[in-house]
Amino acid sequence: MRKSIIVLMVPLLFLYALPVGAVEKEGRKWQDESIYYLMVDRFMNGSVKNNDNVDTSNPDAYHGGDIQGVIDQLDHIKELGFTTIELSPIMANSKNGYHGYWIEDFRKVEEHFGNVKDVRRLIEEAHKRDMKVMLDLVIGHTSPEHPWLEDQSKTDWFKDGATESHNPWLAEARPLNTSNPEVQQYLIKTAQFWIDQTGVDGFKIVDATSTSSEFIQTFRDEVMAENENFFIASNISAAGSGRIDTALNENIREVFASSGRSLDGLYNIWEENRKKYTNPNQLLHYMDSPNVSRFTHLAVEEGLNPITRWELALTYLFTSPGIPVLYFGSEVPLDDGGDPSSISMMNFKAEDEELKRRIEKLTSMRDQFPALTRGDFKEMYNNDGLAVFKRTYQDQTMIIAINNAEETKSTELTNLKDDQQLTGLIQDGIIRQQKDGVYRLGMERETADVFLVEPDRGYNWLFIGFVGGVLSLFVIAVVAIGLKNRKANHS
């Protein structure tokens, strides 16, 4: 009976020691999501039935990834803590269009990936796990071999000239004339087709700068007319939609690729976004994407440990306003050698455990603490590589501290309530108010932490006493056994 009581006390005492959020759980909004972005062909080969013309030795050929492979790895993505999956374009493509940008049929799934039934099943399985699915939607281009190009009745469906794009695959595609009302209606009905056939939760419009903002607004309004919770994101502005934050994506890569760099630019971009957009919390933030070389390679070029660089960058990515998007393979972390088109197959056995734990912590914090997804965002300190930010939502306050410097840094925080404690959720430390009223924060070089501000509970003497008692009993037991064995040896 006594053993049972002790066993029951242990979890209760640990619960007493853990921080507790003060905000009641609310229904999920898109700004609460954490997105895992994957390229279907290079993620997981789940079915050999669609492996025709697969050649893993050819970087420009299909490598065998498919919708079934994504289904097979849903639990992996869920365990990392992600709540939404973003798929690269899955529409039928011309030869070697493994990336999905050379559309040949807007209303058919690429046969190397599966079929519409597979996509519907993927989304159903994701929904069972309380996860959403977002599809990349190419609406401004077709394959250079699209049958429409030979159709005389559709000559005004295309623009003259080549596509201007940073994406090398889109540079080879043929630009559609999205100012043509017939093209507009076709694309809108195509979007509705995918919603009706699969139950998808959102679209990211790929390279929308090839279209007009007026069409994107029309597209958004008509597609969302029947579902106000549907999500549409693009790289141009449209009221009520999400937007890809290109400025921050570039800046965060530059800042964290090397140690010692100032974090000034990050907060400046937030200030601009806050003034520019009605809902800056719906901005999508990417560290990596198919258009740029892997962040891992940037760190390697600097001669630095990419794990350390990733941990700092991800802490900012997941705790600043907006929707964080992690490109598949970052948890390994993959290095493309500086060539964005060198996209290797995902190696699930090569995951770095330390980086994986950091991702799991950050996604868990976003899920547990609304201040990190809905709170305001204020800079408390920024100097010589150390930056401290505060996020507040209702009566919940979080502090984010990132030291990008090459030496230990410290600062004094004063704009906090009295008699509080800052409970570290990553490094597990506690900062208490000093007698002079300040909270002294010290951060070792190249480290980051997220603190929950809560009433100072003092030392948990009940827990400490319990642990001390258990240790004392253990020592007594060891001594008793030793004496017993000694007597047995002498007898």
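The values are calculated or read from the model by the stated rules, or taken from the named source; none is laboratory data. All of these numbers come straight from a predicted model, not from anything done at the bench. Every residue, glycine among them, receives a Cβ derived from its backbone with ideal geometry; neighbour counts consider all protein chains shown. Quick note on the areas: whole protein, heavy atoms, side chains included, nothing else; ligands and nucleic acids left out. Shrake-Rupley method; radii C 1.70, N 1.55, O 1.52, S 1.80 Å.
Taking a straight line from the alpha carbon of Lys49, these lysines sit under 16 Å away, with near neighbours fewer than eight places off in the same chain left out: Lys117. Between the helical axis of 461-490 and the longest alpha-carbon principal axis of the chain there is an angle of about 70 degrees. A 1.4 Å probe run over segment 253-339, with the rest of the protein chains in place, finds 32 Å² accessible per residue. How large is the translational diffusion coefficient of segment 250-334 in µm² per second when you combine the Kirkwood radius over alpha carbon pairs with Stokes-Einstein at 10 °C and 1.306 mPa s? The estimated diffusion coefficient comes to 119 µm²/s. Remark: segment 286-298, residue by residue, has Karplus-estimated 3J(HN,Hα) of 10, 7, 10, 7, x, 8, 10, 5, 4, 4, 3, 5, 4 Hz, where x stands for each Gly or Pro and the curve is 6.51 cos²θ - 1.76 cosθ + 1.60 at θ = phi - 60°. Segment 302-368 and segment 26-64 have Cα centres separated by 17 Å. For the cross-link pairs Lys29/Lys390; Lys108/Lys204; Lys189/Lys276; Lys275/Lys356, which exceed 25 Å when the distance is taken from alpha carbon to alpha carbon? Cα-Cα > 25 Å for Lys189/Lys276; Lys275/Lys356; rest within. Taking the DSSP beta bridges with both ends in the chain, the antiparallel portion is around 60 percent. In summary, the aspartates and glutamates within cross-link reach of Lys378, defined as a Cα separation below 20 angstrom excluding same-chain residues under 8 places away, comprise Asp32, Asp245, Asp264, Glu271, Glu272, Asp395, Glu412, Asp418, Asp449, Glu454. Of the accessible area of the chain, computed with a 1.4 Å probe over protein heavy atoms only, carbon and sulfur atoms account for 50 percent.
Computed over neighbours whose Cβ is under 14 Å from that of Trp157, the net charge equals -2, Lys and Arg +1, Asp and Glu -1. Using C-alpha pairs under 8 Å with a sequence gap of at least 6, the mean separation divided by the residue count of the chain gives a relative contact order of 13 percent.
This structure gives Cα extents along the principal axes in Å, computed directly, and of (i) 101, 61, 47; (ii) 85, 66, 42; (iii) 69, 56, 45 that value is listed as (i).
Rolling a 1.4 Å probe across the protein heavy atoms gives segment 402-463 an accessible surface of 55 Å² per residue.
Rounded to the nearest angstrom and listed largest first, the equivalent-ellipsoid semi-axes of segment 205-298 from its Cα gyration tensor are 29, 15, 10. To the nearest ten degrees, helix 353-368 and the longest principal axis of the Cα atoms of the chain are 90 degrees apart. Rg of the Cα atoms in segment 20-125, relative to 2.2 N^0.38 Å, amounts to 1.24. Compared with the rule-of-thumb size 2.2 N^0.38 Å for a compact globular protein, segment 86-137 has a Cα radius of gyration ratio of 1.16. Quick check: the distance between the Cα centres of segment 269-296 and segment 98-137, to the nearest angstrom? That distance is 25 Å.
Just round it to a whole percent: the fraction of Cα-Cα distances in segment 236-386 exceeding 29 Å. Looking at segment 236-386, the distances longer than 29 Å represent 16 percent of pairs. Electrostatic bookkeeping for Glu124 treats Lys and Arg as +1 and Asp and Glu as -1; over the other residues with beta carbon under 14 Å from its beta carbon, the sum is +2. When the GluC sites (Glu not before Pro) in segment 227-284 are filtered for DSSP coil states and for at most 13 other beta-carbon atoms within 10 Å of their beta-carbon, the remaining sites are Glu228. Note on Lys435: lysines with a C-alpha under 19 Å away, same-chain residues under 8 apart excluded, are Lys417.
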